[in-house]
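One structure is given here, and the rest of the page talks about it.
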Amino acid sequence: MVSSPMTEQALYERCVTDLENARKAQHPDAAAGATLLGLRSQLQEVMDRSEFCDPALFESAHELMDEVGTLLRRHYHESCRLPFRDGAYYRECPVDLAHLRVGLSLETRVLESECSICNLDPEDCDHLPGEMYDGQECVSVVTKAEPTALAIVANPRQLVTRFTSIPAGTTAELSAALGPQFRPGVQLSCDRCLSGCSGLDRDFANANHG
């Protein structure tokens, strides 16, 4: 039997309990550090799922996310290092990216689809999408499609289209910010959680590394 996914409220309440336990630890503590790392992704999920249906829960999760980020940066700074790949640094921390409230929206033209019950073209069968047939919900399964446009939007239909990695800046920008001693490849840490939350960013064009 497949269990139902946890609701965003239930997931948030579990996060509250886990964070309360982590607060009591004598940092640094391996178990508390692991808990905080897990909370980053869990609270990001709560924010993504509640933003447009439960603003109060979204803001509560946002506040916890900021606290988790601060605890990690103060006591587990190795978890706040910027990944360096192929000559560039990237922003991949869930705390950081949870403050970037945009995602991708793909527009496609459906070329072929089939009924999930009988595998026929939906126009050629009698099954109705959304109805149950012998315990199975009927849906139209897209089997062939053509992308026509891609947009950055505040409320993506699919949560998996939110950004999980974006460049932290060009080498020239980082050199200007960090001074002449900077060399590409050296370890860099994100310090945004040490200075408090600067707010949410819903404009990707202005989403610069803090």
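With every protein chain left in place, what is the accessible area of residue 54 in Å² (1.4 Å probe, nearest 10)?
50
Over the Cα atoms of region 1-47, Rg to Rh with Kirkwood Rh, two decimal places? Please report the intermediate quantities before stating the final value.
Working: Rg = 12.1 Å, Rh = 11.4 Å.
We get a ratio of 1.06 for region 1-47.
So, with +1 on the Cβ of K and R and -1 on the Cβ of D and E, and no other charges, what is the size of the charge dipole of region 62-133 about its Cα centre, to the nearest 20 debye?
Here region 62-133 has a charge dipole of around 900 debye.
Report, please, the projected area of region 1-116 averaged over directions, based on the convex hull of its C-alpha atoms, in nm². Let's see the in-between values first.
Working: hull surface 46.5 nm².
If you wrap the Cα atoms of region 1-116 in a convex hull and average its projections, you get 11.6 nm².
Return the Rg/Rh ratio of region 133-206 with Cα-based radii and a Kirkwood Rh. Walk me through the numbers on the way to the answer.
Numbers: Rg = 20.8 Å, Rh = 17.7 Å.
Ratio value, two decimals: 1.18.
Just need log10 I(q)/I(0) for the chain at q = 0.12 Å⁻¹, Debye formula, equal scatterers on the alpha-carbon atoms, no solvent, rounded to two decimals.
With one equal scatterer per Cα and no solvent, log10 I(q)/I(0) is -0.80.
Scaled to the compact-protein estimate 2.2 N^0.38 Å, what is the alpha-carbon radius of gyration of region 62-145, rounded to two decimal places?
On the way: Rg = 22.7 Å, N = 84, 2.2 N^0.38 = 11.8 Å.
For region 62-145, the normalised Cα radius of gyration is 1.92.
With both partners inside the chain, how many of the DSSP beta bridges are antiparallel, as a percent to the nearest 5?
Numbers: 20 of 21 bridges.
Roughly 95 percent of the beta bridges in the chain run antiparallel, per DSSP.
How much accessible surface area, in Å² rounded to 10, belongs to the heavy atoms of residue 58 with a 1.4 Å probe?
10
Beyond 15 Å, how much of the Cα-Cα pair distribution for region 85-186 remains, as a whole percent? Intermediate values should be presented prior to the final figure.
Numbers: 3862 of 5151 pairs.
Of all Cα-Cα distances in region 85-186, 75 percent exceed 15 Å.
For n ≥ 4 DSSP H runs only, could you compute -39500 (n - 2.57) per run for the chain, divide by its residues and tell me the 222 nm figure to the nearest 500?
On the way: 5 runs with 71 residues, N = 210.
Helix-only estimate at 222 nm: -11000 deg cm²/dmol.
Hey, what did the chain get for relative contact order, percent, Cα under 8 Å, at least 6 apart?
Numbers: 284 pairs, mean separation 46.9, N = 210.
The normalised contact order for the chain reaches 22 percent.
For the chain, with only Lys/Arg (+1) and Asp/Glu (-1) charged at the beta-carbon, what is the dipole magnitude about the Cα centre, in debye rounded to 20?
Working: 18 positive and 32 negative charges, 288 e Å.
Dipole magnitude for the chain comes out near 1380 debye.
At a threshold of 8 angstrom on Cα-Cα distance, excluding pairs fewer than six apart, so keeping six or more, what relative contact order does region 1-90 reach in percent? Intermediate results must be reported in sequence, preceding the final value.
Values: 69 pairs, mean separation 23.1, N = 90.
So the answer I get is 26 percent.
The values are calculated or read from the model by the stated rules, or taken from the named source; none is laboratory data. Quick caveat: nothing in here was measured; it's all calculated off a predicted structure. Ideal geometry is used to build each Cβ from the backbone, glycine not excepted, and the neighbour counts take in all protein chains shown. Only protein heavy atoms, including side chains, enter the accessible area calculation; ligands, DNA and RNA are left aside. Shrake-Rupley method; radii C 1.70, N 1.55, O 1.52, S 1.80 Å.
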